[in-house]
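Notes to accompany the following structure.
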Amino acid sequence: MPRHWIEPTPVEIPPDLAALNLPPIVAATLVRRGITTAEAARAFLDPDPRRTSNPFDLPDMSLAVERLRRAFDAGERILVWGDFDVDGQTATALLVSALRSHGATVSYHIPDREREGHGISTEVLTEFLDGDQPPAILLTCDTGIAAHEAILLANTRGVDVIVTDHHNLPDELPPALANLNPRRLPPDHAMSGLPGVGVAYMLMTATALKVWNGDLAAFHDLVALGIVADVAPLTGDTRTLLKMGLSQLRGSQRPGIAALIELSGINPLELSEEQIGFALAPRLNALGRLSNAAEGVELLLSQDITEARTRAVSVEQLNAYRKLLTEAVTAAARTQVEADRTRLDPPILVLSGDTWNPGVVGIVANRLVDAYNRPVIIFGGGEQGAAVLKGSARSTAGIDITAAITRAAHDNPGLILRFGGHPMAAGLSVERERIQEFRGAVNRAAKALGVKQVPPPALEIAEWVTLDQITLELADAISQLAPFGAGNPPLTLGVRDVRISFKQNLGRSGEHLRITVQDSEGTTRRVLWWNGAAQAAADPDLLPEEIPVDLAFTARTHDYKGKREIQVEWVEMRPAAGAEAIAPRRKIEVIDMRAAPDPLAALREITAKEPDVILYAEVNLPGVDQPRRFALPLPQNKSAALIIWTAPPSRRILDFLLSAVSPQRVYWLAHDPQIDALEPFVKRLAGLVKYARDHKNGQAGFIELAQVMAHEFDTVESGLKWLHYKGLINMPIAGTAGIYHFSNGSGIESEKLPAQRLELQSLLAEAAAYRQYLRTADIEAIRRQML
């Protein structure tokens, strides 16, 4: 949804602040964000780790530490009970690791999302209490503040409960020995915004001070992961802990995190809060959404890099599947809205789908909040006819979604089976037959709380600049205000009256865009739009190419091959004053033939009916008069019809096929080429290399290899590296004509082979997940990808 652009507010820099000689954009931003003194500016720009709050400011902290001290002295068992999101995983890993490192007997439990949901299941807790070695202490993290029944059960069995949580306080605190929650502090306290991992960190800090005389510096990386993943407000101690954690992450010695960074393709020296939020956290969250989040805790606890890499590859595969599920549910949810726009009349948008996977509905809700500028609650059942649907709610600034759900539950007893959360997010369960009733109840509750209609979304421009003012010096100045996040949003800059001169898809699946803009003086700048390809394809007005535009963007430094550069990232575009955007849309008919009983016979019928059809397949097909196979570089690829015999390995390849052929009709068979596992992939690739050596003077074109292998160029290149490190070939270099020259290898395996195997397996898993989606997704969802 296009936003209302807000002009920069003129400010006057106080003399006290001006004396620091800060860059003008930094000083102006500090004033706009309420920081007007030199002392406050120093504390914000360079927080002192020694000045974090006294952990004993948290109510009940002394009780908790004293009970842990007795447990240490007596060798009592401690059960850590976490949660399945990243905040819960990191908090669990921190508590378990810190306690074990000082001799405590500790086990942990992460609830299964499907079987248990959030919180403490009394049924599962009973299993622990009835076990051979029951705990003496139940220590929760990122959960427990509303678990009255479970805590009472533990008390009746002689188990002391220490709650560490940060979620909204119930009307009455549970009967725990200690309830550590920053919401019990005054709102202006430096610890009031801590997430679950922050509360766990403060408990261990206090314990270190009183019990084992040490510090928690080794755990700052875990704290940083949890802070960013939970979108905690970056004020007070939270900001200080994040800055310390980012420094540690950039040189992380924790094998699990190092393996995640490696597979994510992140330069660890450049790791930022943004990369945590968009690369690392989603990978760990995929475990809690679609599998067992305990695997994430084990990854974070791992002390062996080989084990960590193996676990990280599993995470990578699951994350690829999570992306595809998310795209499918997002498309289906948008279709519901477009089919009935009256759903947008009330202030809270509520959507549901029996078959939508509950593990991704929170991500979808986040996306729709951005798209429709209102709180969104998405329900999914995971299967047709599910009796109970599980929902995730996400909100906009200023609207407490949990308060609305709480009011709806109070006014309609029995309607909401269970729920919990905080002002910006919540989880809940409702019977499928009562979703419509819930939609009305939660919107009545919102209106009763004063929520009528959500104001139009706004985009605040920090400064207007020209293209030639976008420099490294500007990016360095802005970086002084980092880390950015909730409570300290990144600066959005604006440039007026530029034109789009070029755009190009980037990424393994072509999901990103690189756009070149040019001003009237001929100055150009490249702009990156992460994950923008699908949005731009769905709505061409977002990138008007025929008219002058204003560009909103962010700027930061980036290291490319050892050279510092400025990276400009797309936020939004709008037509410049007086301009109107007109953009054509692609129209394609998609004929679904995946269920054809005899695919080759179906193919023969198509080629007889459409002799000029182009075929996308990695091999010649037996018994079929071959139509023109898609190949590069050929000018004759244009055709009114395209057969997709082999499922493309990525969105980028699919988009490229459609752009190159420009079909009006696409026949969709989408076969699996059976080459997305390591063994068949390297076997076929090695065979092609051998054929090139035996019959083609050791030469093969890299385009030819990619087509026959039915994979992206970078996947084929990763496979060639694997053969090289295996000692089978010398690593070929493609010349200017795009021809590889192969020669025999050393016959000796390199120490780099295991890491290369992990990289290749990750790329293959991504392709496999995308092909699986293309072979099973609803044909209408696939057609929308082609628009």
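The values are calculated or read from the model by the stated rules, or taken from the named source; none is laboratory data. Since we're looking at a predicted model, the values are computed, not measured. Counting neighbours? That spans all protein chains shown, and the Cβs are built from the backbone with ideal geometry, glycine included. For accessibility, only protein heavy atoms count, side chains too; no ligands or nucleic acids. Shrake-Rupley method; radii C 1.70, N 1.55, O 1.52, S 1.80 Å.
General remarks:
- Residue in region 763-780 that is in contact (Cβ under 8 Å) with a residue 60 or more places away in the chain, open to solvent by less than 10 Å² (accessible area, probe 1.4 Å) and of a type in the set (Ser, Thr, Tyr) present: no
- If you filter region 484-500 down to residues that are buried (at least 17 other Cβ atoms within 10 Å of the Cβ) and among the small types (Gly, Ala, Ser), you find that the one that is modelled with the highest pLDDT is GLY494.
- Filtering ARG508, ARG556 for residues that are at pLDDT 85 or above, basic (Lys, Arg) and either farther than 20 Å from ALA279 by Cα or surrounded by 15 or more Cβ atoms within 10 Å (Cβ to Cβ) (or both) leaves a single hit, ARG556.
- With respect to (1) surrounded by 19 or more Cβ atoms within 10 Å (Cβ to Cβ); (2) under 30 Å from PRO375 (Cβ atoms); (3) at pLDDT below 90; (4) not hydroxyl-bearing (Ser, Thr, Tyr), the lone exception for ALA339 is condition (1).
- Residue in region 165-174 that is in contact with a Leu (Cβ under 8 Å, 6 or more places away or on another chain) and over 29 Å from VAL228 (Cβ atoms) present: no
- Residues (part of a loop (DSSP other than H, G, I, E, B) and of a type outside the set (A, V, I, L, M)) located in region 749-778: GLU749, SER750, GLU751, LYS752, ASP778
- When the residues of region 345-362 are filtered to those that are modelled with pLDDT under 95 and within 18 Å of PRO455 (Cα to Cα), the one that is most open to solvent (accessible area, probe 1.4 Å) is ASP345.
- Of all residues in region 85-105, those being crowded, with 20+ Cβ neighbours inside 10 Å and either under 17 Å from VAL163 (Cβ atoms) or not polar (S, T, N, Q) (or both) number 13.
- When each of SER62, SER107 is tested for being touching a Leu at 6+ places or on another chain (Cβ under 9 Å), of a type in the set (Ser, Thr, Tyr) and modelled with pLDDT of 95 or more, the lone residue that passes is SER107.
- Members of region 152-164 that are within 17 Å of GLY196 (Cβ to Cβ) and free of Cβ contacts under 8 Å to residues at least 60 places away in the same chain: VAL161, VAL163
- Members of region 383-442 found to be in contact with a helix residue (DSSP H, G or I) (Cβ under 9 Å, 6 or more places away or on another chain), part of a helix (DSSP H, G or I) and polar (S, T, N, Q), listed by number: THR406
- Selection count where residues are more than 22 Å from GLY251 (Cβ to Cβ), in a helix (DSSP H, G or I) and open to solvent by 10 Å² or more (accessible area, probe 1.4 Å), scope region 206-227: 4
- Annotation note: Cβ proximity below 9 Å between a residue of region 294-306 that is among the hydroxyl-bearing types (Ser, Thr, Tyr) and a residue that is assigned to a helix (DSSP H, G or I) and surrounded by 24 or more Cβ atoms within 10 Å (Cβ to Cβ) (sequence gap 6+ or interchain) occurs for SER302/GLY256; SER302/ALA259.
- Subset tally (residues that are open to solvent by 40 Å² or more (accessible area, probe 1.4 Å) and either under 27 Å from PRO754 (Cβ atoms) or free of Cβ contacts under 8 Å to residues at least 40 places away in the same chain (or both)) for region 228-250: 3
- Here GLY450 meets the list (1) surrounded by fewer than 16 Cβ atoms within 10 Å (Cβ to Cβ); (2) part of a helix (DSSP H, G or I) almost entirely, failing just condition (2).
- Test: residue in region 63-84 that is closer than 26 Å to THR126 by Cα, acidic (Asp, Glu) and buried (at least 22 other Cβ atoms within 10 Å of the Cβ): yes
- Scanning region 518-538 turns up one or more residues that are in a loop (DSSP other than H, G, I, E, B), of a type in the set (S, T, N, Q), touching a residue at least 24 places away in the same chain (Cβ under 8 Å) and open to solvent by 30 Å² or more (accessible area, probe 1.4 Å).
- Residue match in region 111-132 (condition: more than 30 Å from ALA425 (Cα to Cα), of a type in the set (A, V, I, L, M, F, W, C), open to solvent by less than 20 Å² (accessible area, probe 1.4 Å) and at pLDDT 95 or above): yes
- Breaking point among (1) at pLDDT 95 or above; (2) closer than 30 Å to LEU45 by Cβ; (3) open to solvent by less than 40 Å² (accessible area, probe 1.4 Å); (4) not aliphatic (A, V, I, L, M), for ASN412: (2)
- Yes/no for GLN253 being without any contact (Cβ under 8 Å) to a residue 60 or more places away in the chain, open to solvent by 10 Å² or more (accessible area, probe 1.4 Å) and part of a helix (DSSP H, G or I): no
- Some residue of region 96-103 being within 29 Å of GLY359 (Cα to Cα) and at pLDDT 95 or above: yes
- In the set ALA365, ALA293, ALA312, ALA286, only one residue is buried (at least 23 other Cβ atoms within 10 Å of the Cβ), at pLDDT 95 or above and of a type in the set (Gly, Ala, Ser); that residue is ALA365.
- Out of PRO673, PRO649, PRO663, one residue alone is more than 17 Å from ALA596 (Cβ to Cβ), outside any strand (DSSP E or B) and touching a His at 6+ places or on another chain (Cβ under 6 Å). It is PRO649.
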